[in-house]
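Below you'll find the structure, written out as structure tokens, and then a few comments.
The values are calculated or read from the model by the stated rules, or taken from the named source; none is laboratory data. Every value quoted in this text rests on a predicted model; they were computed, and no experiment measured them. All Cβ positions, glycine included, derive from the backbone under ideal geometry; neighbour counts span all protein chains shown. What goes into the accessible areas is simple: the full protein's heavy atoms, side chains included, and nothing from ligands, DNA or RNA. Shrake-Rupley method; radii C 1.70, N 1.55, O 1.52, S 1.80 Å.
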Amino acid sequence: MQSLQSLNRKASSARPCAGSRGLTTRVLATAAPVAPFATPASAPLPLPDGAGEHSGLKHLTEAARARALDKKANKFEKVKVEKCGSRAWNDVFELSSLLKEGKTKWEDLNLDDVDIRLKWAGLFHRGKRTPGKFMMRLKVPNGEMNAAQLRFLGASIAPYGADGCADITTRANIQLRGVTMEDSEAIIKGLWDVGLTSFQSGMDSVRNLTGNPIAGVDPHELVDTRPLLRDMEAMLFNNGKGREEFANLPRKLNICISSTRDDFPHTHINDVGFEAVTKPDGQVVYNVVVGGYFSIKRNIMSIPLGCSVTQDQLLPFTEALLRVFRDHGPRGDRQQTRLMWLVEAVGVEKFRQLLSEYMGGATFGEPVHVHHDQPWERRNLLGVHPQKQAGLNWVGACVPAGRLHAADFDEIAAVAEKYGDGTVRITCEENVIFVNVPDAKVEAMKAEPLFQRFKIHPGVLLSGMVSCTGNQFCGFGLAETKAKAVKVVEALDEQLELSRPVRIHFTGCPNSCGQAQVGDIGLMGAPAKHEGKAVEGYKIFLGGKIGENPSLATEFAQGVPAIESVLVPRLKEILIAEFGAKERVATA
Ligand code: SRM
Ligand code: SF4
């Protein structure tokens, strides 16, 4: 099987504004071509009478079909039965051309296609806030990008002016904003040219694969998570071109690999978490945890699956898990379709057994229990840090709320090329890391204008701030988040001194994309009242712990108006009482 880059070279030409520049810089080395699939794929059953040739029933077993067709199946199952989400990969190019050529009108398009199915191609219509404009979600395995990719992303949003921007997401990924349907074909093909994709980044599919953001340079890592995640993405999703077989899962699925005690990708809130551990004989294997997720109705940490897998088993195991989820997962009440519901329904042991069966009777290891004498503080990724390679450093810079504009991409690419190796990592905390910066270049690098905006040593609170999209673009948002979060946190940094980091997570609604339950302090969009009037507000959560021995934050207060003159003093009170903050002494 070919790697993504080799296929990309054959893909159609990119947008003229970006493609030519894009390919001049070093392209990320992909691992050797990925091996053939190791789990036996069953041939699709003949489609039942009456199902259209594009029905999403195609790859489902009889039992899964019955669940998808049941009268209690949720509305998304009906949409998928009618036409598989994988059709979006064809539809997107057709729709794009028809609109460009004036052969169809926006109003004539099928709403299920525009608002639902196109999400399989990574296109999210922002109909409520910016009708006619799409958010395009990418896949950036392990958050690693090179200068060519960064420049292409900047060039893709540049034509949209004030409507175009991008965000680093809480899954160390990129979302582009302002994208029009007419431009989508050129952008998708341009993404392929530079080794990226948007396919299968949304709806009932696997989200961006996350790992250690300092993989390959981290003195404490047990394994470099980058090639594992790159291969996983390439294998599962046909080298960025999309895989029909995995387009009809019962629900989204979050997968990550953690390679240090920091647990940077948060295995505890992923549906599937692989935790690298060293066995007494020195072999690195992966303890498996499953079922963590957040939603409006339920927030739960993952539970141990009671087994470990070897490195060779990682990819076939993941593929088998997707098949087990697809074939056996619930398709009724949408709020009860995440992986945990299947694990709970069949039991951990039976679930493990199913995985073994789908892998042709593979056996798994016992989970490995590692005893550490000393506790481990999760490391701060911002600032300048020596790498495992002598004389080299990684430099982490804070991108407030993860918001980027076209020029930022170019500037980040230029800095990465001038001082590092031309690559960067983006993080689940929505920041950027430059790697392989020689000691001798660090001081000059720190003086770059980019770091006036994206600080290497930001305020303590800003350095730990995370925010979801909020109601600026998201139709679910009950409150604005990003701009408010930056203002509020900067004000708190100015007024308070803290002897330890406090992580504040803002999220616009109970879906908790901004992971309010992960923060030391979490703010979740909710209704509130101020001076007798209904206003945007937040619930406040306290006590999230990450890294080793994680726990979720719990609700502390409700109905706090999202008004700075109210929110800042309220958070100040909490920071002083609960986190030992002290008022800054004014200097003359
Ligand atoms: Fe999310 C739906 C944004 C990470 C839980 N999420 C959405 C949608 C697609 C809703 C929509 O159509 O508008 C949001 C798009 C808004 C926009 O315009 O950006 C959205 N989610 C995001 C991002 C961009 C937040 C951010 O600012 O970083 C993150 C994109 C990640 C990525 O790159 O793929 C994002 N979402 C998360 C996370 C955090 C994580 O993965 O660690 C969660 C909680 C963890 C989880 O999924 O278990 C999360 N998003 C949800 C849910 C609730 C899922 C559920 O089981 O009910 C929804 C609603 C849904 O899927 O029906 C949702
Ligand atoms: Fe939108 Fe709510 Fe997710 Fe924020 S938490 S991005 S408001 S769905």
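Data overview
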item: Single residue of the stretch 456-475 satisfying the filter (free of Cβ contacts under 8 Å to residues at least 60 places away in the same chain and part of a loop (DSSP other than H, G, I, E, B)) that is nearest to ligand 2 (Cβ to nearest atom); result: 464
item: Of all residues in the stretch 516-534 being more than 23 Å from the chain's Cα centre (by Cα) and surrounded by 16 or more Cβ atoms within 10 Å (Cβ to Cβ), the one that is nearest to residue 289 (Cα to Cα); result: 526
item: Members of the stretch 203-212 found to be crowded, with 24+ Cβ neighbours inside 10 Å and either assigned to a loop (DSSP other than H, G, I, E, B) or within 16 Å of ligand 2 (Cβ to nearest atom) (or both), listed by number; result: 204, 205, 208, 209, 211, 212
item: Entirely in the stretch 255-349, the strands (runs of 3 or more DSSP E) that have 1 or more residues that are within 13 Å of ligand 1 (Cβ to nearest atom) and aliphatic (A, V, I, L, M); result: 255-258, 272-278, 284-290
item: Residues of the stretch 76-92 that turn out to be out of contact with any Ser or Thr (no Cβ under 8 Å at 6 or more places or on another chain) and touching a residue at least 12 places away in the same chain (Cβ under 8 Å), as a count; result: 9
item: Criterion (hydrophobic (A, V, I, L, M, F, W, C), more than 16 Å from ligand 2 (Cβ to nearest atom) and outside any helix (DSSP H, G or I)) met by exactly one of 488, 502, 568; result: 502
item: Residue check for residue 96: surrounded by 14 or more Cβ atoms within 10 Å (Cβ to Cβ) and within 19 Å of residue 249 (Cβ to Cβ); result: no
item: Failed condition for residue 475, given (1) buried (at least 22 other Cβ atoms within 10 Å of the Cβ); (2) of a type outside the set (S, T, N, Q); (3) closer than 30 Å to residue 131 by Cβ; result: (1)
item: Filter result for residue 308 (more than 16 Å from ligand 2 (Cβ to nearest atom), in contact (Cβ under 8 Å) with a residue 24 or more places away in the chain and touching a Pro at 6+ places or on another chain (Cβ under 6 Å)); result: yes
item: Exclusive hit being in a loop (DSSP other than H, G, I, E, B), within 16 Å of ligand 1 (Cβ to nearest atom) and open to solvent by 70 Å² or more (accessible area, probe 1.4 Å), set 509, 513; result: 513
item: Selection within the stretch 154-178 - more than 16 Å from ligand 2 (Cβ to nearest atom) and within 23 Å of residue 514 (Cα to Cα); result: 163, 164, 178
item: Residue within the stretch 536-556 that is touching a residue at least 60 places away in the same chain (Cβ under 8 Å), more than 16 Å from ligand 2 (Cβ to nearest atom), touching a strand residue (DSSP E or B) at 6+ places or on another chain (Cβ under 8 Å) and not hydroxyl-bearing (Ser, Thr, Tyr) present; result: no
item: Selection within the stretch 425-478 - over 30 Å from residue 579 (Cα atoms), more than 10 Å from ligand 1 (Cβ to nearest atom), in contact with a helix residue (DSSP H, G or I) (Cβ under 7 Å, 6 or more places away or on another chain) and not charged (D, E, K, R); result: 434, 437, 445, 450
item: Count of residues meeting criterion [open to solvent by 30 Å² or more (accessible area, probe 1.4 Å) and under 16 Å from residue 202 (Cβ atoms)] in the stretch 105-124; result: 3
item: Check on residue 359, touching a residue at least 40 places away in the same chain (Cβ under 8 Å), open to solvent by 20 Å² or more (accessible area, probe 1.4 Å) and either of a type outside the set (Asp, Glu) or at positive phi (or both); result: yes
item: Qualifying positions in the stretch 445-459 - within 16 Å of residue 394 (Cβ to Cβ), within 28 Å of the chain's Cα centre (by Cα) and open to solvent by 40 Å² or more (accessible area, probe 1.4 Å); result: 455, 457
item: Condition check for residue 402: open to solvent by less than 10 Å² (accessible area, probe 1.4 Å), assigned by TED's automatic domain parsing to the domain that holds residue 491 and not hydroxyl-bearing (Ser, Thr, Tyr); result: no
item: Residue 80 in a loop (DSSP other than H, G, I, E, B), among the charged types (D, E, K, R) and more than 20 Å from residue 190 (Cβ to Cβ); result: no
